Amino acid sequence: DWVGYNSDPSLLLDGGILHMFYRAVEDRGRATRVTIKHISTSDGVAWSSSNSLISSARKHNKDTAVLMSPTILKLADSYRMWLVSSSDSHFKVFLYESSDLLTWRESGEVSFGGLEDGVEPWHLDVIDLNDGTLAVALCCFNAANPKVKSICFAKSSDNGRTWEAAGDSFNPGTYGFGMQTLYRASLLHLDGDRYRLYYSGQ
């Protein structure tokens, strides 16, 4: 009775417990349901049963680009989740908050300053720089050419509610790997101004 797929996994290590958040898309006949789900493990082998956290139902296969690419951080004693959803024919980033990883409340759309006109988010990864700021690697596209993705970078000093572009975007080359599109970036802060970027391409 289940037709669909899982996508967009994101990991959070917290207090010796590894948490995985992922997106489940289920075809239910007249409607398609998209749900952010959560499982956890203490040893990487035995995993808990899944919990459904946030859900959205859409008409069958219509506008199912919602609840994409969750990325989660623990900041002080609370948790924050950023994800991408289509809204008013545009892709936007939304922020959710939780005190226990199970019950989430939406805190609204976040804003990005300094990006080129027409740039919209697609997938993202947020990291804590441990200096009062957050950084994001944002897989994005220009609405004029949505099939070609690039990776933009931004920083936030208010726990991820507003962001300002930082540095140059990372764009597909004219040849070789990634020439058509870049996808699902993951950012690692090494030290000082040194970062490592992982991504897939086409």
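The values are calculated or read from the model by the stated rules, or taken from the named source; none is laboratory data. Worth saying up front: this structure is predicted, and the values here are computed from it rather than measured. Glycine gets a Cβ as well: all are built from the backbone with ideal geometry, and neighbour counts include every protein chain shown. SASA here: full protein model, heavy atoms, side chains in, ligands and nucleic acids out. Shrake-Rupley method; radii C 1.70, N 1.55, O 1.52, S 1.80 Å.
General remarks:
- Once the 1.4 Å probe is applied to the protein heavy atoms, segment 4-90 comes out at 50 Å² accessible per residue.
- Between L11 and D131, the contour length at 0.36 nm per residue exceeds the alpha carbon distance by 41.0 nm.
- Exposed-site-free run, longest, the chain (rule: chymotrypsin sites (Phe, Trp or Tyr not before Pro); DSSP loop; at most 10 other C-beta within 10 Å): 3-174
- Globularity index of the chain, i.e. its alpha-carbon radius of gyration over 2.2 N^0.38 Å: 1.03
- Contour minus Cα-Cα distance for H90 and N171 (0.36 nm per residue): 27.1 nm
- Neighbours of A144, meaning other residues whose beta-carbon lies under 15 angstrom from its beta-carbon, give a summed charge of -1 when Lys and Arg score +1 and Asp and Glu score -1.
- Gyration tensor verdict on segment 61-144 (Cα atoms; rounded if a/c is under 1.5, prolate if a/b is larger than b/c, oblate otherwise): oblate
- Once the chain from R58 to L18 is taken as fully extended at 0.36 nm per residue, the excess over their C-alpha distance is 11.3 nm.
- The label point for V45 and the one for A65, both projected 7 Å from the Cα toward the Cβ, are 4.3 nm apart.
- Span from the segment 117-167 Cα centroid across to the segment 64-91 one, whole angstrom: 12 Å
- Near K92: Cβ cut-off under 10 Å, other residues only, Lys/Arg at +1 and Asp/Glu at -1. The net charge is -3.
- Bridgeable lysines around K155 (alpha carbons under 18 Å apart, same-chain partners fewer than 8 residues away excluded): K74, K92.
- Average accessible area per residue (Å²) across segment 93-190 - probe 1.4 Å, nucleic acids and ligands excluded: 52 Å²
- Descending semi-axes in Å of segment 1-88, equivalent ellipsoid built from Cα gyration tensor: 26, 16, 8
- Over the chain, Cα pairs under 8 Å with separation of 6+ residues give a relative contact order of 12 percent.
- Cα-Cα separations in segment 67-107 greater than 12 Å, expressed as whole percent: 58 percent
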